[in-house]
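One structure is given below, encoded as structure tokens.
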Amino acid sequence: MLRALIFDVDGTLSDTERDGHRVAFNAAFDEAGLDWEWDEELYAELLDVTGGKERITHFVGLHRPEFALRPDFHERVVELHRAKTRHYMALAASGAIPLRPGVARLLDEARAAGLRLAIATTTTPENVAALLLPSLGPNALSWFEVVGAGDVVPAKKPAPDIYLWVLERLGLPAGACLAFEDSENGLKASLGAGLATVVTPCDYTRGQDFNGATAVLDSLEEVAMPDLQAWLSVAAANGPQGFPSVI
Ligand code: XBP
Ligand code: MG
């Protein structure tokens, strides 16, 4: 029986990466006097690593190895990321990053149907509020009973930890929940936690491997409420691993 929906944020609720996070990283680098510029192509590669601080560290390792030798390297990464979060929040709070089609309707219908809602994301918690409130209104955060975000678990996606953290706080087994993801890393995390998962690929993740997803859709616009229980039942019939794609 379906009891809760657990949503990823970046790429799933909103296409945040190219015109949100990427722009904010570049603004932080510029502000710090660094000549680092993450264009769209480079950013596509850097997205292999989830988490902003982890992504900066990954970039330095590949493209600015001398920067990693500084004695204050870790502090500099934290500082750069703090500035990036400030820029991202300002951008998101201005309403410049819309939700993906069907998201607001699905959240409304799920609430009306008495389903519990939660978030499992790699991004910084403050970013979630900044992104959702302009589109969904000032009370939107209270719709989500559990918000698992950022550094609450040390191992970020594709590790399943953030989903396990959310499930524990919901007090529900994975079999009573559906996860919503947009990326291969996110899908690995949700499947690793035993969750049936609906994938709506975004611009950067289209073409990735979504093997094991219960459904792969262009957007949540196509989802009707009865589909959700039906998908959970199909996944349950097939066991916790190796979900077939029904669409
Ligand atoms: C999202 C991310 C995030 C953002 C940056 O992954 O990878 O790292 O790009 O957020 P997912 P922060 O959608 O799989 O959760 O800079 O706040 O870490
Ligand atoms: Mg995502």
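Descriptive notes on the structure:
- Qualifying residue in segment 149-157 (condition: open to solvent by less than 60 Å² (accessible area, probe 1.4 Å) and among the basic types (K, R)): yes
- Scanning segment 22-35 for residues that are away from ligand 1 (no atom under 11 Å from the Cβ) and open to solvent by 10 Å² or more (accessible area, probe 1.4 Å) yields V23, N26, A27, D30, E31, A32, G33, L34, D35.
- Cross-chain or 6+ apart pairs with Cβ under 6 Å, segment 81-108 first and within 11 Å of N127 (Cα to Cα), then hydroxyl-bearing (S, T, Y): T85/T124
- Flag if D19 is within 16 Å of ligand 2 (Cβ to nearest atom) and either open to solvent by 40 Å² or more (accessible area, probe 1.4 Å) or of a type in the set (A, V, I, L, M, F, W, C) (or both): yes
- Checking E126 against (1) assigned by TED's automatic domain parsing to the domain that holds L164; (2) among the charged types (D, E, K, R); (3) free of Cβ contacts under 8 Å to residues at least 40 places away in the same chain, the condition it does not meet: (3)
- One residue alone among A140, A96 is open to solvent by 20 Å² or more (accessible area, probe 1.4 Å), more than 11 Å from ligand 1 (Cβ to nearest atom) and small (G, A, S), and that residue is A96.
- Residue count for segment 24-51, restricted to those that are within 16 Å of ligand 2 (Cβ to nearest atom) and not in a helix (DSSP H, G or I): 5
- Tally, over segment 1-16, of residues that are assigned to a strand (DSSP E or B) and either farther than 14 Å from A179 by Cα or within 8 Å of ligand 2 (Cβ to nearest atom) (or both): 2
- Against the conditions (1) surrounded by fewer than 16 Cβ atoms within 10 Å (Cβ to Cβ); (2) under 30 Å from V234 (Cβ atoms); (3) within 11 Å of ligand 1 (Cβ to nearest atom), M1 satisfies every one except (3).
- Where a residue in segment 174-192 is assigned by TED's automatic domain parsing to the domain that holds G150 and its partner, wherever it lies, is in a helix (DSSP H, G or I) and within 11 Å of ligand 1 (Cβ to nearest atom), with Cβ under 6 Å and at least six apart: A179/S190; E181/L187; E181/S190; A189/Y163; S190/Y163
The values are calculated or read from the model by the stated rules, or taken from the named source; none is laboratory data. Worth saying up front: this structure is predicted, and the values here are computed from it rather than measured. Every residue, glycine among them, receives a Cβ derived from its backbone with ideal geometry; neighbour counts consider all protein chains shown. What goes into the accessible areas is simple: the full protein's heavy atoms, side chains included, and nothing from ligands, DNA or RNA. Shrake-Rupley method; radii C 1.70, N 1.55, O 1.52, S 1.80 Å.
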